[in-house]
Every structure is written in C-alpha cells, then in structure tokens.
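Student: Handing you a structure now.
The values are calculated or read from the model by the stated rules, or taken from the named source; none is laboratory data. Model, not experiment: these values are computed from the prediction. Note: ideal-geometry Cβ built from the backbone for every residue, glycine included; neighbour counts use all protein chains shown. Surface accessibility is based on the protein's heavy atoms, side chains included, excluding ligands, DNA and RNA. Shrake-Rupley method; radii C 1.70, N 1.55, O 1.52, S 1.80 Å.
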Amino acid sequence: MSLLVIVVVTLLFGFLVGYGQANQQLNRRLSQAASQAKKFSEKKRVELTQKTQHLLAENQADVLEYQADEEQEIAEQTAENQARLERVSLLEKSLQSFSQRLDKQQQVLDEHREALEQQRARLTMAKQTEQDLQRRRGEILGQKSALTANQAKQVVLQETETKLAQDFETTVRENHDFMVLNAPRDARNLMTSAIQSAPSDAPKTHIERNILISDPKMRSKITGKNEQRLRLLETLIGVDLIFNPELPESLIISTNDPLRREVARTVINELMTARQLNQGMIENTVKLAQRRLIEQLRQTGETTWKKLQLGWVHPDLLKLLGRMQYRTSYGQNVLQHSVEVAELCGLIAAELGIQPQLAKRAGLLHDIGKAVDREVNGTHVELGVKIAEAYREPTEVVQAIAASHGDVDGDDPISVLVRVADSLSGSRPGARSESVEEYINRLKGLERIARQHQGVKDSYAIQAGREIRIIVNPNEVDDHQSQSITDEVAAQIEAELTYPGKIKVTTIRQLSAVQYVGGKPTTKKKHAS
C-alpha cells in the first residue's frame with residue numbers, strides 16, 4: 001500500500017515538476033515572443049516614421065516645384081499682359097495719329113471741294129461768256145459777210161475738213177517714209193533676236209556606221225564559226241556587216257536605213273556583253289532591240305511635241321516624228337533641225353502678231369516626209385504633204401510643207417515663215433558638217449553625169465543638189481529619148497554618188513521656132529542747120 005502511495009506521490013511530483021518546467025518554457029517563449037513583437041513594432045514604427053518623413057520631404061519638393069512653376073507662369077503672364085498693354089497703348093497712339101491725319105485730310109478735301117466749287121462757278125461763267133461771244137461773233141460775221149448762220153457753219157466745216165485732210169495726208173506720208181526707212185533695220189533686229197534665241201548646237205548622234213571591237217576574242221565571238229553569227233544578224237536585221245580590211249578592229253554597218261543601223265548597233269553592243277551566244281539568244285536580242293526602238297520613237301515624238309506645246313496630235317504622227325531622230329541631212333540631225341525651225345517660226349510669229357502655235361506646228365512638220373522617204377517613192381515634200389493630209393493637219397500646215405522648198409508657191413505668212421526659218425537653221429554656222437568642197441564636188445558630179453549623155457545641151461544642179469535639170473537639144477532628142485536620158489541619169493547618180501535624201505531628175509525638151517519679119521529700122525540723120 002505504501003508502495004502505491006509512493007508511486008502516486010512520485011508521479012504527482014514528476015507531473016508537477018514537468019508542468020513547472022513546461023510553464024517556465026512557455027513563459028520564456030511568451031516573453032521572447034513579446035520581446036520580438038516589441039522589437040518588430042519598434043522597427044515598423046521607425047520605418048513608418050522614416051517613410052512618413054520621406055513622403056513629407058517629397059511632397060514638400062513637389063509643392064515647391066509646383067509653386068515655382070506657378071510663380072514662373074504668373075510672371076510670364078504678367079510680362080505678356082504688360083506687353084499687351086504696351087501694344088494697346090501703341091495702337092491707341094497710332095489710332096490717335098491716324099485720326100488726326102484723317103481730320104487733316106478731311107480738312108484738305110473740304111478746301112479742295114470749295115476750290116472746285118469756285119472753279120465750277122468760274123467755268124460756268126466762262127462758258128456763258130463764250131456763248132455770248134460766239135453769238136455776238138455770229139451776228140457780226142452775218143452783218144459783215146452777208147451770210148446766214150448755216151452758210152457760215154458750212155464754210156467753217158469745209159475749211160476744217162480740207163485742213164484735216166491735208167494734215168492726215170502729211171502724217172500718213174511721213175509715217176510711211178519712216179516705216180520704209182526703218183523696216184530693214186527692224187527686220188534685221190527681229191531675225192537676229194530669233195536666231196540668238198532659238199538655235200543651239202547639239203551633238204550629232206545616230207550617224208555612226210562603225211563599231212570598234214578591239215579584242216580578237218570578242219570579234220571571234222561576234223563573228224562565229226565561218227561568220228555564221230554575222231550572216232544571221234544580217235538576215236534578221238537587214239543590214240550588211242563587214243569588217244574593214246584596212247582596220248580589222250572596225251565593224252562596218254552598211255545600210256541606208258538609219259533605224260536598221262541603230263538596231264544593229266544596239267544588238268551588237270548587247271551581244272558583246274553576253275556570256276554565251278546561240279541562235280535563240282540572238283533572235284530574242286534582235287526582237288527586243290526592235291521593240292525598244294519602236295517604243296523609243298513614240299517617247300521621243302511625245303517629248304518633242306510636249307516641249308513645244310503644240311496641242312493634240314495623232315499618236316501615229318508622233319512615231320514618224322521620232323523616226324526623224326535617226327535621219328540626217330548634210331550631217332545635221334533632222335529632228336533637231338525641225339525643232340529649231342519650229343522655235344524660230346514661233347519667235348518670229350509672236351513678234352509679227354501671227355499665231356505662234358500654228359507657226360511652230362508647221363515648222364516642226366515641214367520635213368516630216370524625211371521619216372519615210374527612204375522606204376516610199378517620192379520626194380520628202382510630196383510625202384510630207386500626204387502625211388499631213390492623212391492625219392488631218394490644218395490647211396496652213398499642209399501648205400507650208402508643200403512650199404517649204406519652193407516646189408509650190410506659198411504666199412501665206414506661215415509658209416513664208418517656214419521657208420525663212422528653214423534657211424536660217426540650215427545655213428547658220430555649225431549647223432551642217434558637210435564642207436563647201438564636198439558640196440561643190442557633189443553639184444559638179446550631178447552636172448557631169450547629166451552632160452555625159454548624147455543630146456544633152458546643158459544641165460543645172462539646183463535646190464542645194466536636191467534636183468538636177470537637164471536641157472536637151474530638141475532637134476536631136478525626141479520625147480521618148482528624153483525619158484530614157486532621165487532614167488539613165490537617175491540610175492547613174494544612184495550608182496556613183498553618195499547623196500542625202502532624194503534627188504529629182506528633170507529633163508526639159510522645148511522647141512521654139514523664131515522668125516523675124518522686116519528689116520532693121522532706119523535711123524534718121526540730123527542735118528546741121
């Protein structure tokens with residue numbers, strides 16, 4: 001029993017001891033937790049105080065910045081208001097000054113009005129006095145001359161009319177003499193001004209007939225085996241390609257068609273840069289070059305037409321205009337020449353009071369026939385007239401084209417202007433590269449060929465070598481033989497001479513029978529008296 005009591009007491013004592021230790025540990029933990037809580041609270045309080053002070057400092061800085069901005073804005077508004085007050089003050093002063101000037105002007109106007117009223121009153125009195133004097137003069141004249149008022153009026157009118165007629169005749173005669181004396185000078189000044197304003201030297205392009213190929217490998221590449229590629233190009237383009245025997249590096253493009261020559265030159269230059277050559281590639285290059293050339297003709301015509309501002313024109317006529325870029329006459333580019341003629345016509349027409357646009361249109365198209373004269377039979381004048389009529393150009397333009405080289409008499413102002421401008425553009429220094437010696441030799445060659453034929457009496461090369469007139473002996477040559485001589489001379493000129501454009505061969509056979517009747521008239525001798 002005692003043992004049980006001891007165990008129970010021991011257990012109770014152990015429990016109490018354990019409970020006390022647990023309580024102490026719990027109190028210790030509570031004390032530590034309270035201490036940590038106090039430290040945490042103190043830390044948070046310090047942080048909150050610091051953040052509060054930081055926020056107050058930032059707010060204070062923002063407040064100061066905002067205050068500074070507001071003060072600056074107030075200062076600027078104050079300065080602006082002050083400037084406005086100054087401007088208003090200046091405006092008030094200006095208005096006051098303007099009001100004073102208006103008052104002065106009003107005073108001056110009142111004075112002028114008063115002076116005008118006085119002048120009007122004096123003028124009225126003067127008119128009344130004049131009427132009284134005229135009436136008095138009429139009465140005196142009627143008494144002295146025994147004429148009525150109507151009769152006197154008729155006498156005065158007749159004398160006045162006679163005097164005016166004399167003065168008018170004198171004035172007209174003086175003005176006519178002045179115009180006649182000054183007309184040559186004014187004409188020279190007008191032509192000089194037009195010449196200085198319009199023509200401009202341009203580089204001569206599209207007349208080169210040779211292509212320089214210095215690399216032997218490149219020549220071999222273009223030529224091909226047994227010159228097959230050259231022959232293919234000749235067939236596709238329609239030209240003759242020949243290497244100069246004296247200068248093997250020079251490839252000659254032989255053709256009378258400048259468009260084909262341009263296509264050939266373009267194709268050969270492109271083939272020289274190609275890596276490989278074959279028949280298909282060459283054919284495609286030729287087709288592409290021909291298509292590009294046609295497009296370029298249209299673009300050139302449009303550019304030229306827009307530059308001169310000539311209004312609407314048929315689109316196909318622009319292509320013909322572009323073809324003239326590849327046509328030359330005596331070394332002068334025909335398109336550049338036509339543009340010069342158009343500008344000269346426009347300048348002179350403007351000075352003379354004629355329609356400048358119509359004059360420029362006629363000047364630009366006066367040589368349009370040269371665009372097709374190598375492909376169609378006929379002179380470029382005849383072809384130009386047909387082209388202008390086909391595209392319904394104005395009548396003045398057609399007449400100017402027909403009369404541009406004297407084939408048809410054109411007395412209208414536009415035709416005269418075109419002839420003058422054509423002569424100025426062709427004869428000015430530097431316009432044409434053909435030398436005088438070559439020109440004279442060509443004329444002599446034409447006359448020489450004509451005189452070689454039997455029955456030819458004489459021959460004359462006219463119109464700058466564009467026409468050769470042959471005069472045959474009518475007693476030796478009949479009409480049939482005249483036609484044969486014409487054909488033979490034309491064929492010989494084409495075979496032997498190099499000439500630009502077309503040459504007209506005309507044979508003239510005229511038989512004139514002349515007979516005199518009666519002797520010579522006798523002269524009367526004077527006898528000395």
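Student: So with the 1.4 Å probe, I'd like the accessible area per residue for the range 56-103, rounded to whole Å². List each step's numbers first, then the result.
Tutor: Working: 4300 Å² over 48 residues.
That works out to 90 Å² per residue.
Student: Any idea what log10 I(q)/I(0) is at q = 0.18, 0.27, 0.28 Å⁻¹ for the range 222-292, Debye with uniform C-alpha scatterers and no solvent?
Tutor: Calculated log10 I(q)/I(0) at the listed q: -0.65, -1.44, -1.51.
Student: Let me know the volume per residue of the alpha-carbon convex hull for the range 56-138, in Å³.
Tutor: Convex hull of Cα atoms, per residue: 73 Å³.
Student: Stick to the Cα atoms of the range 1-123, pair each with every other, and give me the Kirkwood hydrodynamic radius in Å at one decimal.
Tutor: 25.8 Å
Student: Between THR129 and VAL408, what length comes free when the chain is fully extended (0.36 nm per residue of separation minus the Cα-Cα distance, one decimal in nm)?
Tutor: So the chain would gain 93.2 nm between THR129 and VAL408.
Student: Sticking with this one: Given labels modelled 7 Å from the Cα in the Cβ direction, how far is it in nm from ALA121 to GLN158?
Tutor: 4.6 nm
Student: Counting Lys +1, Arg +1, Asp -1, Glu -1, what net charge surrounds ASP373 among other residues with beta carbon under 12 Å of its beta carbon? Intermediate values should be presented prior to the final figure.
Tutor: Values: positive: ARG323, ARG327, LYS370, ARG374, LYS386, ARG466, LYS502, LYS504; negative: ASP257, ASP367, GLU375, GLU382.
Neighbour charge sum, excluding ASP373 itself: +4.
Student: Taking 0.36 nm per intervening residue step and subtracting the Cα-Cα distance, what contour gain separates ILE462 from GLN228 on full extension?
Tutor: 79.6 nm
Student: Apply the Debye scattering formula to the range 280-396, with a single equal point scatterer on each alpha-carbon and no solvent, then give log10 I(q)/I(0) at q = 0.15 Å⁻¹.
Tutor: Scattering profile of the range 280-396, log10 relative to I(0): -0.68.
Student: Calculate how large, on average over all directions, the projected area of the Cα convex hull of the chain is; give the answer in nm² to one decimal.
Tutor: Reported value for the Cα convex hull: 91.4 nm².
Student: FRET efficiency for GLN96 and GLU65, Cβ-Cβ distance as r, R0 = 51 Å, nearest 0.05?
Tutor: Working from the Cβ atoms, E equals 0.65.
Student: Take each uninterrupted DSSP H stretch in the chain, measure its Cα extent along the helix axis, and return the ones at 24 Å or beyond whose mean Kyte-Doolittle hydropathy is at least 0.5. Could the numbers behind the result be given before it?
Tutor: Values: long enough: 2-145 (201 Å, -0.78); 149-197 (66 Å, -0.62); 279-308 (44 Å, -0.85); 334-352 (26 Å, 1.15); 479-496 (26 Å, -0.83).
Once both thresholds are applied, what remains is 334-352.
Student: Divide by every residue of the chain the summed helix terms, -39500 (n - 2.57) for each DSSP H run of at least 4, and state the resulting mean residue ellipticity at 222 nm, rounded to the nearest 500 deg cm²/dmol.
Tutor: -24500 deg cm²/dmol
Student: Give me the percent of the accessible area of the range 220-265 that comes from carbon and sulfur atoms, probe 1.4 Å, all protein chains in place.
Tutor: In the range 220-265, the share of accessible area belonging to carbon and sulfur is 47 percent.
Student: Evaluate the relative contact order of the range 264-370 (contact order divided by residue number), counting alpha-carbon pairs under 8 angstrom at least 6 apart; express in whole percent.
Tutor: Rounded, it is 20 percent for the range 264-370.
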